[in-house]
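Working notes for the structure below.
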Amino acid sequence: MKSIVRHGIKRVAPLLWHMYLKKRRKLGSFGATITISFDLDYPEDYDRLPYLLDILESYNLKGSFAVIGKFIEMYPALHNKIIENDHEIINHSYSHPDGYFVRNKYFNKLSKSEIKEEIEKMHNVCKEILEYEPLGFRTPHFGELNSKKVYEVLEELGYMYSSSTNLTSTQSYGLPYYPSMKDFRKRGYPHFNIVELPLFSCPEHFFSVFDTWHCYRTKAHAKEGEFTKLFIKTIEIAKKYKIYVNLYFDPRDLNKEFEESLECIDVKVLRSCDVVTKLSINF
């Protein structure tokens, strides 16, 4: 049944993207720009991290790494290497509920005080061990577990941005936006003073995030060459519509195709923090 639904979405995806990006273009040009971000959620991600850092350095690319506080405590040297290479660290909570360290406990079911403790504790660990203070946050399991409480906490803690929502679940047409206090998936006034940087969708499956989980773990694009093909298509969309594209991948799933994809980048690449600080005039 899933394969039938996926095939159907793939057939109508070109029309959905045309309608979507046509509306997005009316909001103004952002300029062809991408962010490449990574979630470090499991020890296997750290096994691949030295390779990933070397690859990014060879192409002179800077990325954003969503990091868990407990892993900073376990692997301080690897996180220092991220900073030394001028990449960004994103707060990804202290323990990442329903992940490697904590099972059957969901981020959106935590109280506001518990959410604040998760974010604040990671921030303090990062500051004390790495002498680095994150400016942005990514909700564990992002879109599925994001909530208004997250924005309230981030605003209280003085954060600049969140990167937790799939672009098709917002009404900003994928542009960075200030979430409405009434409905955090919409733009509007009054709004939170936190900028949301929505994650880009798969060019062929409109409602799925274009990430390695979707491509490889669900086997939606596991055939050789498909990942690179989609990556190139994403870059072409950014150039054609002069838009910002926010990408994220899991290091443990990266292979030779990722390296081949980086060779095709011919647009501006900025870290998430740079997008917020340098291009804020476009919000």
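Computed extension gain for Lys278 through Asp183, at 0.36 nm per residue and net of the alpha carbon distance, reaches 31.5 nm. Positive-end ranking of Pro251, Pro140, Pro179 along the dipole of the chain, with charges on Cβ about the Cα centre, is headed by Pro179.
Rg over Rh of segment 2-282, using C-alpha atoms and the Kirkwood radius, what does it come to? Using only Cα positions, Rg/Rh for segment 2-282 is 0.94.
Between Tyr106 and Tyr59, the contour length at 0.36 nm per residue exceeds the Cα-Cα span by 13.2 nm. For segment 204-268, the C-alpha radius of gyration sits at 1.07 times the compact-globule guess of 2.2 N^0.38 Å, with N the residue count. Excluding same-chain neighbours fewer than eight residues apart, the lysines reachable from Lys268 by a Cα-Cα span under 20 Å are Lys62, Lys229, Lys233, Lys239, Lys240, Lys242, Lys278.
Would you please name the GluC sites (Glu not before Pro) within segment 186-283 that are DSSP coil residues with at most 12 other C-beta atoms within 10 Å of their C-beta?
Glu224, Glu263
Throughout, read-outs are computed from the coordinates displayed, never taken from laboratory work. Because the structure is a prediction, the values reported are computed rather than measured. Every residue, glycine as well, gets a Cβ built from its backbone with ideal geometry; the counts of neighbours run over all protein chains shown.
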